1. Within segment 430-486, can you find the residues that are under 21 Å from residue 401 (Cβ atoms) and of a type in the set (Gly, Ala, Ser)?
2. Whether any residue in segment 389-408 is assigned by TED's automatic domain parsing to the domain that holds residue 475, touching a helix residue (DSSP H, G or I) at 6+ places or on another chain (Cβ under 8 Å) and assigned to a strand (DSSP E or B) is what I want to check.
3. Testing residue 307 on (1) without any contact (Cβ under 8 Å) to a residue 40 or more places away in the chain; (2) of a type outside the set (D, E, K, R); (3) within 26 Å of residue 347 (Cα to Cα), one condition comes back false. Which one is that?
4. Can you spot a residue in segment 311-322 that is charged (D, E, K, R), part of a strand (DSSP E or B) and farther than 19 Å from residue 249 by Cα?
5. For segment 199-245, which residues satisfy the criterion of being out of contact with any strand residue (DSSP E or B) (no Cβ under 6 Å at 6 or more places or on another chain) and closer than 30 Å to residue 511 by Cβ?
6. Does segment 315-353 hold any residues that are among the basic types (Lys, Arg) and either under 27 Å from residue 196 (Cβ atoms) or surrounded by 21 or more Cβ atoms within 10 Å (Cβ to Cβ) (or both), and which are they?
7. Whether any residue in segment 475-484 is crowded, with 21+ Cβ neighbours inside 10 Å, at pLDDT 95 or above and either in contact with a Phe, Trp or Tyr (Cβ under 6 Å, 6 or more places away or on another chain) or part of a strand (DSSP E or B) (or both) is what I want to check.
8. Being aliphatic (A, V, I, L, M), surrounded by 14 or more Cβ atoms within 10 Å (Cβ to Cβ) and under 21 Å from residue 266 (Cβ atoms) is the filter here, so list the residues in segment 283-314 that pass it.
Amino acid sequence: MNFTKISLAFCIILFITPTLDAQTKKIKRPKSRVGVTSVDNFVQESFDLYDKVYKYDGYAASGQSLDDDDIDVLEEALDEMSSLSDSAPDIVNDLDGVGVLKQGKATLQINKAKKALKYSIKTAKELLLGQRERDSEDEDDTAESDEKSEETTNNSDKDNNDEYDVKETPSNISDGIEVYSKYDFVPGDKTLFFDDFSNDFIGDLPSKWNTNGSGNIVKFNKVEGNWFELKAGYRLYAIPDLSQLPEDYTIEFDLLTSGVSNKTSSGARVHVILSDANTFSNGETHYVSVSLPLGQYAPFNIDTYNFFNGKAGMINSGLTADIRDEVKNQPHIAISVTKKRFRLWVNEVKYVDIPRFIEELNVLNYLKFHVYGLTDGEERVFIKNVKVAEGGVDLRRKLMSEGKISTNGILFDSGSANIQPQSLGIVRQISQVLMQDDSIKLNIIGHTDSDGPDDSNLKLSKERAEAVKTALVNIYNISANRLTTEGKGESEPVADNNTASGKAQNRRVEFVKI
């Protein structure tokens, strides 16, 4: 009788023990980004650390002891988690001025990340001290509740953003330029190529481009300007008339999509290629390629690849990126090439930063676009405002040493003084000069091209100079009494106003120390 009871008790212990030692239900990483850089970074870093700790907790739960390397990783992670946890209040402050839906989504993700950090810090300490005791409280309901809440928020976003019609201007483009306040892209200051397709006829291939396929200029009811449709296909390329790239330069363009959905192929991509040959191929001996995913049913990587001296280079990587929302909402793409370094931004977020992507200098002289994987007649891709400019270097030193800089990198909406938020990289650098030396005062001078009446252009140039001042004051907290403004309209051109490239150079802002 006693033996029977003991055997039964032993079986019960064997059955129950794994349940008692098992980890709590894993907190799921949010599936989408909020669109506020500080929040997205906080959430990503929190869950990266959480995944590490959760893994080691699993080792301990299974009876596997931690070795010295595991302990070193946990100690380092604990330091990072403590620092990250301390930054949470500052992250919340970044939500001021953000739309209500985005605030709700951000708050949910921040709370989820804080919960993951709380678990990680507690668990890491217990693992390091050999005192890991799993909580008896049931966290499954909480995790499921969080997941359902996130789904509700995401569904609310989809109600507002999903199936964006190319004829409609997306409602959530640039919710506020404050999001871009830490954007560090600086466009080149000497325009090598610019095309907004304003001088091309609808239905024609743009005059300053070549292709081995097809493509034409289109116009939409409620999306501003002319757009160049890039036709998708195997080895189909669109090549701008640009034959010499310097060592330091920037590339920018706006991207527009139509018809992309959860049915879009995972192979649907826009490839941007820097090549050694003006041929309809990636290149002959040297080229680099970066491709942006268009698929919507899951997050897909941004792929990077380089090829030098007739063979694969050192880079063939997929960089984690969830740009599904951006792809459907007319993103601005910016690329900076500084000697061998290659960086790429989608809107305000930098996704690619490879120090030695360009393995050989002065061999890549052509820019190419290649679209692949779209369903013909249903899914379409367009580009506009393609700009290649020499420079992209630190304007702060130039302003300090020469006392004056002129830039056409601060862009405004057409006929307006509204600063396009992706231009704030330059404004940010100007603010840093002013912060470094309190004695510096600047005169901000606006210039326009010759389109429109003289008096209207003069008024517009003054308003644009004032808009830059307002950004410095309101976003970067520069004292208004250190800034003066002036407008000169179209009176001082630096290039030919009869070309799109010349007009782009004439639309500029000067900063002069006074």
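The values are calculated or read from the model by the stated rules, or taken from the named source; none is laboratory data. Just so it is clear, the model here is predicted, and its values are computed rather than measured. All Cβ positions, glycine included, derive from the backbone under ideal geometry; neighbour counts span all protein chains shown.
1. Result: 431, 439.
2. Yes, segment 389-408 contains a residue that is assigned by TED's automatic domain parsing to the domain that holds residue 475, touching a helix residue (DSSP H, G or I) at 6+ places or on another chain (Cβ under 8 Å) and assigned to a strand (DSSP E or B).
3. (3)
4. So in segment 311-322, the residues charged (D, E, K, R) come out as 311, 322.
Retained after the next criterion (residues that are part of a strand (DSSP E or B)): 311.
So of that shortlist, the ones also farther than 19 Å from residue 249 by Cα come out as 311.
Yes - at least one qualifying residue is present in segment 311-322.
5. 224, 244, 245
6. Across segment 315-353, the qualifying residues are 324, 328, 343, 350.
7. Scanning segment 475-484 turns up at least one residue that is crowded, with 21+ Cβ neighbours inside 10 Å, at pLDDT 95 or above and either in contact with a Phe, Trp or Tyr (Cβ under 6 Å, 6 or more places away or on another chain) or part of a strand (DSSP E or B) (or both).
8. Looking only at segment 283-314, we keep the residues that are aliphatic (A, V, I, L, M), and these are 288, 290, 292, 294, 298, 302, 312, 314.
Of the ones still in play, those that are also surrounded by 14 or more Cβ atoms within 10 Å (Cβ to Cβ) are 288, 290, 292, 294, 302.
290, 292, 294, 302, listed by residue number.
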